[in-house]
């Protein structure tokens, strides 16, 4: 019984870890979209896009 509970704990931790990763990823995409949307012109947008790609 104890081994079963331990293995379920690992499954639960893996699931929660995945959920937290998804939430953080969505938040990062939202910040990046807002950053790109605030550009004044196409040249600034392209510069920011290149900067984001080089950081990744």
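Data overview
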item	result
The range 2-55: Cα Rg divided by the 2.2 N^0.38 Å rule of thumb	1.90
Fully extended contour minus Cα-Cα distance, from residue 38 to residue 16, at 0.36 nm per residue	4.6 nm
Helical contribution to [θ] at 222 nm, DSSP H n ≥ 4, -39,500 (n - 2.57), averaged over the chain, rounded to 500	-31500 deg cm²/dmol
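Since every read-out is calculated from the coordinates, none of them should be taken as a lab result. Please read these numbers as outputs of a predicted model, since none were measured by experiment.
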